[in-house]
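The values are calculated or read from the model by the stated rules, or taken from the named source; none is laboratory data. Quick caveat, the model's predicted, so the values are computed rather than measured. Counting neighbours? That spans all protein chains shown, and the Cβs are built from the backbone with ideal geometry, glycine included. Heavy atoms of the whole protein, side chains included, go into the accessibility calculation; ligands, DNA and RNA do not. Shrake-Rupley method; radii C 1.70, N 1.55, O 1.52, S 1.80 Å.
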Amino acid sequence: MHHPTPLINTIVGAFILSFIFGMLANRLRISPLVGYLAAGVLAGPFTPGFVADINLIPELAELGVILLMFGIGLHFSLVDLLSVKNIAIPGAIAQITMATILGMILSWAIGWSWITGLVFGLSLSTASTVVLMRALEERKLINSHRCQIAIGWLIVEDIVMVLTLVLLPTIAGILEKGNTSFGTLMLDFSLTISKVITFMALMMIVGRRVIPWILAKSAATGSRELFTLAVLALALGIAFGAVKFFKISFALGAFFAGMALNESELSHRAAHDTLPLRDAFAVLFFVSVGMLFDPMILIKQPLAVLGSLIIIVVGKSLVAWTLVMLLGHSRQTALTISVSLAQIGEFAFILTGLGISLGLLSNEVRSLVLATAILSIIINPMLFTLVESYLATQNEEEINPKEINEEEIQIPVNICNHAVIIGYGRVGSIVGKKLHDVGIPLVVIENSRPMVESLRKKNINAVLGNATSEHIINLTNLNCARWLLLTIPNGYESGEVVTIVRKKYQNIEIIARAHYDDEVNYIMERGANQVIMGEREIANSMLQKLKNEIEKIKV
């Protein structure tokens, strides 16, 4: 007997199409994001064939945004966020203002009313959290100062958009119907601000104690399923509560939930356990964008699409670059931030949807916003590649130390016959402690600032950054080190590091960690002396313990 299963049909269809087109995009050496968008267009109502549920998939995509922002929050502390307030607050407000003005000018040229132009301009002003985080993660910049600035910038944009969504119905009443007072507008504004501040204070004061306690209790049960369930329940529950009771966004709620867990020892485990779900549902975000796209807008309004795209890619980028440079940051940071924000996403769709429901926008305006959103998302990885290529042409003599590593000026270590450990998690800390106890000098490369600060307090040399950066590797004085020990769990990232090191340091002994046979082969092919696979070593240790009993059985 057949049962209607719209949820299953939507998930299965979206994942299968995303995989096929993602693989095709990868084969063509372009970003998989383009493939996911193409999958959405194919699954949408404007193209023939399979049509996913256009109401369900945006909600599934929202799960990806929640888990993504929760994971990002795990890497940030309140101190990190406050450290970039002097650039994030004025930068985000100035960029939103300029993009909105440019959008209003374009809408005036098209012939729309100025209130339509206001909503249209606001929808072009905010960047997509998913696109930005994907770009920074792919380039190993999540723990960088540039990422802190970008996250702070996004948080300010999110707060402005939350205020906009709350105030827009009131503004529409004042401007269109004249039945709402200015006092009501100010009251709504004050209430929204107070709710945002209350939620943030609640998470930073109460959440920082309660959330780690709940996860510690779930971890103490020894059940991995219960721990993972606790992480998901907290991330999704707090995000839902933020929307339900405080009227702020899912993304903002999830981000502060992650921040509340930042200082807990369980934060790394929480991030690791939610990673597969986060990645899977984040893909659905791009599918949902593609599904809403009507390709006919490119034929009906080509000049409007081009104008909107110029505002997003050129206008927003120039504003961001100018502000970052004026506030005294490096060219590297200015370029990264400006390119990061040269796209639009989630809030643009929410805002245009609200505009249509209030009678302020037409479906044509939403199609225009969606078209420019898709094009900007497609162009964004290309812009990152151009920036990376440009920065790669700048040699160290042309770039000052602040340009190379704006996070902090790190002095190269001046020791020899030492061990370099990459990653100081569960495995790295055990190895490092043993080597330190027997008097072997250590240099640790870690991308967690709190961990680096903790090691330095113990007089252990620690470098903050990602080991796939040649500049970071060079700080460890590898030319006279005895060993390079890669204890990070990602075998393919270890392979990248081995490739970089072997080109310059032929004699150092490299020992790496892996989980699977294909990772072992990948790392060995790139020049490692030895790769240790955890499961294999556990089996060998067990057999060694049983050696005497096995010998007796043989006799």
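Observations on the model:
- Selection within segment 435-472 - β-branched (Val, Ile, Thr) and either at pLDDT 85 or above or out of contact with any helix residue (DSSP H, G or I) (no Cβ under 9 Å at 6 or more places or on another chain) (or both): 438, 440, 443, 444, 445, 452, 460, 463, 472
- For segment 100-117, a residue qualifies if it is open to solvent by 30 Å² or more (accessible area, probe 1.4 Å), hydrophobic (A, V, I, L, M, F, W, C) and more than 29 Å from residue 325 (Cβ to Cβ), and the qualifying residues are 108, 109, 110, 112, 114.
- Of all residue pairs spaced 6 or more apart or on separate chains, none has beta-carbon atoms under 8 Å together with a first member in segment 27-38 that is more than 16 Å from residue 345 (Cβ to Cβ) and a second member that is part of a loop (DSSP other than H, G, I, E, B).
- From the options 76, 70, residue that is modelled with pLDDT of 80 or more and within 15 Å of the chain's Cα centre (by Cα): 70
- Under the condition of being assigned to a loop (DSSP other than H, G, I, E, B), farther than 19 Å from residue 296 by Cα and not aliphatic (A, V, I, L, M), the residues counted in segment 12-49 number 2.
- Residue match in segment 184-206 (condition: part of a loop (DSSP other than H, G, I, E, B) and open to solvent by 70 Å² or more (accessible area, probe 1.4 Å)): no
- Residue 64 vs. criteria at pLDDT below 80, surrounded by 21 or more Cβ atoms within 10 Å (Cβ to Cβ) and either touching a Leu at 6+ places or on another chain (Cβ under 8 Å) or closer than 26 Å to residue 270 by Cα (or both): yes
- Taken together, 309, 298 contain a single residue that is in contact with a Ser or Thr (Cβ under 6 Å, 6 or more places away or on another chain), at pLDDT 85 or above and either over 30 Å from residue 203 (Cβ atoms) or aromatic (Phe, Trp, Tyr) (or both), which is 309.
- Among residues of segment 500-512, those that are open to solvent by 40 Å² or more (accessible area, probe 1.4 Å) and at pLDDT below 90, counted: 5
- Residue in segment 467-482 that is open to solvent by less than 10 Å² (accessible area, probe 1.4 Å), of a type in the set (Gly, Ala, Ser) and within 24 Å of the chain's Cα centre (by Cα) present: yes
- Residue in segment 96-113 that is under 27 Å from residue 361 (Cβ atoms), in a helix (DSSP H, G or I) and touching a Lys or Arg at 6+ places or on another chain (Cβ under 6 Å) present: yes
- Members of segment 411-432 found to be of a type outside the set (Val, Ile, Thr) and either under 19 Å from residue 512 (Cβ atoms) or open to solvent by less than 60 Å² (accessible area, probe 1.4 Å) (or both), listed by number: 418, 419, 423, 424, 425, 426, 428, 429, 432
- Members of segment 218-233 that are within 28 Å of residue 197 (Cβ to Cβ), free of Cβ contacts under 8 Å to residues at least 40 places away in the same chain and either touching a helix residue (DSSP H, G or I) at 6+ places or on another chain (Cβ under 8 Å) or charged (D, E, K, R) (or both): 230
- If you go through segment 285-337 and keep only what is farther than 20 Å from residue 97 by Cα and β-branched (Val, Ile, Thr), you end up with 287, 289, 297, 299, 305, 333, 336.
- For segment 516-530, residues that are open to solvent by 40 Å² or more (accessible area, probe 1.4 Å) and either of a type in the set (Ser, Thr, Tyr) or within 18 Å of residue 421 (Cβ to Cβ) (or both) total 4.
- Residue within segment 235-247 that is among the β-branched types (Val, Ile, Thr) and crowded, with 21+ Cβ neighbours inside 10 Å present: yes
A quick yes/no check of all residues on (1) polar (S, T, N, Q); (2) in contact with a helix residue (DSSP H, G or I) (Cβ under 6 Å, 6 or more places away or on another chain):
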position: 288; (1), (2): yes, yes
position: 297; (1), (2): no, yes
position: 322; (1), (2): yes, no
position: 330; (1), (2): yes, yes
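- Single match in 490, 521 (criterion: under 22 Å from residue 429 (Cα atoms) and without any contact (Cβ under 8 Å) to a residue 24 or more places away in the chain): 490
- Filtered by the rule that a residue be farther than 30 Å from residue 278 by Cα and open to solvent by 10 Å² or more (accessible area, probe 1.4 Å), segment 70-99 gives 86, 90, 94, 97, 98.
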